[in-house]
Amino acid sequence: MAAARLRLIAAVAIMAAWEALAASGLLFRDVVPSLWYIAKALAITLADPAFYRNLGVTSGEFLMAVSVGGLAGASAGLALGANRFLAAAYERWVHYLAPVPKIIFFPALLLAFGAGPGSKIAMGAISCFFPVAISVASGVRAVRPVLLNVGHGFRATTWQMATKIYLPAVREPLLNGLRLGFGVAAIGILLAETKLSKAGIGFLVMDSYRRFDMPGMYALLILVVLLVAAVNAALTRLNRN
Amino acid sequence: MAVPTLTVEHVTKRFGTTEFGVTAVEDFTFDVAEGEFVSVIGPSGCGKSTLFHIIGGLTGDYQGRVTVGGETVNGPHPAIGMVFQEESTFPWRNVIDNVAFPLELRGVSRAERLERALHYVTMVGLRGFEQRYPAELSGGMRQRVSIARTLAAQPKILLMDEPFASLDEQTRLLLGAKVTQIQQRLRQTTLLITHSLTEAVQLSDRIVVMTFRPGRVRRIVEVRLPRPRGDDILTSPEFGRYVAELWVDLREEANRGLDAAEHLAT
Ligand SMILES: Nc1ncnc2c1ncn2[C@@H]1O[C@H](COP(=O)(O)OP(=O)(O)OP(=O)(O)O)[C@@H](O)[C@H]1O
Ligand SMILES: [Mg+2]
């Protein structure tokens, strides 16, 4: 309760400071618009069918990206974690590539998948792949050997080992990896949309920037933050059950 | 004597390199006849679990041969069901689904496997706990889940590595009696690995006594006590004689184990 009050105080203080800055005239008026304008822009955006269309585009890209990247990452993680030979051969690559900002691959992805959703999905999928693969691989290695022996002792097939022992055993690292993966996938997709695209939330943000519609841009940013927070809260919930 | 269904022939297993390493098991030979209850007994660290994993087909890279029904064992054999020394329940499955696990692997329908699993859950005294998860059970209860799980697979040969070690004396005796009951009724071929003298004498037809490092066969003792062996057997003079006799062997080996440890410490 005290923490919630502290948060509220901080939020009110930030808004007050923003408003004071807007009123002071120290900065160019349009760079720090009054909260009132932002609220108005928020209402306009929320009433605009174009917003929902673009939100749909970004959401679709995001879902595709995390499905492809998450599945590929989980499979790669299982294989790397369970097979010492594969790990010796490829794990290094995964660790080297993981911290590389994926946006540098964007030009190549544009060439391969075009300026439409394809290149955005690829960006998101590549981003999502690495944290999931790394998290699952280390999770697999932490599975107690005796549980694997139980599976082998009952002569489980490779598929049964994967689905009935490894997968449930790595549930937590998998969900943590997915959580990180969702975050970087969203970053990758939005970043790609701001670079070159004809639709999506990232496109809208850049579009309002180009039109110098600052209140509209801030409204979009607020909406993105709220959406990401909502997704994160849903995942936390999922993690707990 | 019946035909041996399980044979261990000149099995030797080394860990590590030739210079640095331990010979865990050396030139180990014995067999288990069909329907027979054999125990392997030895002090801590003498190589019992190593032997257990070799017989279970989970450890390769050893010398010698293990056969089941005349076939050389090469990987886990369908006739063998294992109960591990360490805690081995699946924490993400409740009791009934843990026990039904081997049936699930074989594609038995859900209704049937739950029914069959319930039978074994009841047998180990966990009726009423079917829906509980391992984290909600005591260590001894979890071990009983592992035993029920292996029994549910209905193996021809039951292979157990100190399955009662984490149980208190009372539960151990009761469950031991239960296991012999099942074993006698099903004529279940059983190989029990243990370090408990009373357990070995109470349950076994024969006892293989191991030496400490390298683990060799020191002696094979035939237990000629009448069956069924109820609680009254525990207080009989013959029982005491077997225990005392085995204790002499075991004490010597256990002492060598302690000496070895002291030697390392100084
Ligand atoms: N994977 C391994 N790598 C190296 N050494 C091992 C390995 N497993 C066992 N050993 C060694 O082999 C010896 C026998 O171990 P083992 O686990 O078979 O003993 P145990 O008789 O089962 O003991 P306990 O009664 O305490 O369970 C020990 O000295 C142990 O250190
Ligand atoms: Mg052991």
Checklist entry - Given Cα pairs under 8 Å that are at least 6 residues apart, what percent is the relative contact order of segment A:33-240? => result 31
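Determine the total buried accessible area between chain B and chain A, counting protein heavy atoms only with a 1.4 Å probe; round to the nearest 100 Å².
Details: alone 12930 and 14550 Å², together 25850 Å².
The contact between A and B buries close to 1600 Å².
Could you pull out the chymotrypsin sites (Phe, Trp or Tyr not before Pro) across segment A:150-241 that fall in loop regions by DSSP (anything but H, G, I, E, B) with no more than 10 other Cβ atoms inside 10 Å? Working shown, then result.
Working: sites: A:Phe154, A:Trp159, A:Tyr166, A:Phe182, A:Phe203, A:Tyr209, A:Phe212, A:Tyr218; in loops: A:Phe154, A:Phe212.
Of the chymotrypsin sites (Phe, Trp or Tyr not before Pro), the ones in loops of segment A:150-241 whose Cβ has at most 10 other Cβ atoms within 10 Å are A:Phe212.
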Item to check | Karplus-derived 3J(HN,Hα), 6.51/-1.76/1.60, for each residue of segment A:153-170, Hz, glycine and proline x | outcome: x, 8, 6, 5, 6, 4, 5, 5, 4, 5, 7, 9, 10, 4, 4, x, 5, 9
Checklist entry - Counting only other chains, what is the mean number of Cβ atoms within 10 angstrom of the Cβ of each residue in peptide B:76-89? => result 3
Next on the checklist: What aspartates and glutamates does A:Lys40 reach when the alpha-carbon gap must be under 13 Å and sequence neighbours fewer than 8 apart in one chain are set aside?
Outcome noted: A:Asp48, A:Asp213
Checklist entry - Can you pull the percent of Cα pairs in segment A:45-146 with separation above 21 Å? => result 45
Checklist entry - For the residue pair A:Thr158 and B:Glu136, what label-to-label distance in nm results when each label sits 7 Å from Cα along the Cα-to-beta-carbon direction? => result 3.8
Item to check | Alpha-carbon Rg with Dmax, taken over chain B, Å | outcome: 18.6, 60
Item to check | Sulfur and carbon atoms: percent of accessible area, chain B [1.4 Å] | outcome: 52
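Using only alpha carbon pairs under 8 Å that are at least six residues apart, calculate the relative contact order of chain B and give it in whole percent.
Details: 508 pairs, mean separation 67.0, N = 266.
Worked out over chain B, it gives 25 percent.
Test of understanding: what is the full-extension gain from A:Glu172 to A:Tyr90, defined as 0.36 nm times their sequence separation minus their Cα-Cα distance? List each step's numbers first, then the result.
Values: separation 82, 0.36 × 82 = 29.52 nm, distance 2.36 nm.
Roughly 27.2 nm would be gained on extension.
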Checklist entry - Angle, helix B:169-186 long axis vs. longest principal axis of chain B, Cα atoms, 0 to 90°, nearest 10? => result 80
Checklist entry - Using the beta-carbon distance between A:Ile44 and A:Leu196 and R0 = 25 Å, what value does 1/(1 + (r/R0)^6) give for FRET efficiency, to the nearest 0.05? => result 0.45
Next on the checklist: List the lysines whose Cα sits under 22 Å from the Cα of B:Lys48, skipping any in the same chain fewer than 8 residues away.
Outcome noted: B:Lys13, B:Lys156
Checklist entry - How big is the Kirkwood radius of segment A:33-240, worked out from every pair of different alpha carbons and given in Å to one decimal? => result 18.7
Checklist outcome for this item: Dividing the alpha-carbon radius of gyration of the protein assembly as shown by 2.2 N^0.38 Å, where N counts its residues, gives 1.37
Item to check | Beta bridges by DSSP in the protein assembly as shown, antiparallel share as percent, to the nearest 5 | outcome: 50
Next on the checklist: Between B:His119 and A:Ala4, how high is the FRET efficiency from 1/(1 + (r/R0)^6) when r is the Cβ-Cβ distance and R₀ = 45 Å? Nearest 0.05.
Outcome noted: 0.30
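Estimate the FRET efficiency between A:Val231 and B:Ser109 by the formula 1/(1 + (r/R0)^6), using the beta-carbon distance for r and 56 Å for R0, to the nearest 0.05. Please list the in-between numbers first.
Values: r = 39 Å, r/R0 = 0.69.
The pair A:Val231/B:Ser109 has a calculated efficiency of 0.90.
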Item to check | Segment B:Thr29-B:Lys178, extension gain: residue separation times 0.36 nm, minus the distance between their alpha carbons | outcome: 50.7 nm
Item to check | B:Phe20 versus B:Glu222: modelled label distance in nm, points set 7 Å from Cα along the beta carbon direction | outcome: 4.7
Checklist entry - A:Lys195: which lysines have alpha carbons under 17 Å from its alpha carbon, excluding same-chain residues fewer than 8 sequence positions away? => result A:Lys102, A:Lys120
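The values are calculated or read from the model by the stated rules, or taken from the named source; none is laboratory data. Because the structure is a prediction, the values reported are computed rather than measured. Virtual Cβ from ideal backbone geometry, glycine too; neighbours counted across all protein chains shown. The accessibility values were calculated without ligands, DNA or RNA, using every heavy atom of the protein model including side chains. Shrake-Rupley method; radii C 1.70, N 1.55, O 1.52, S 1.80 Å.
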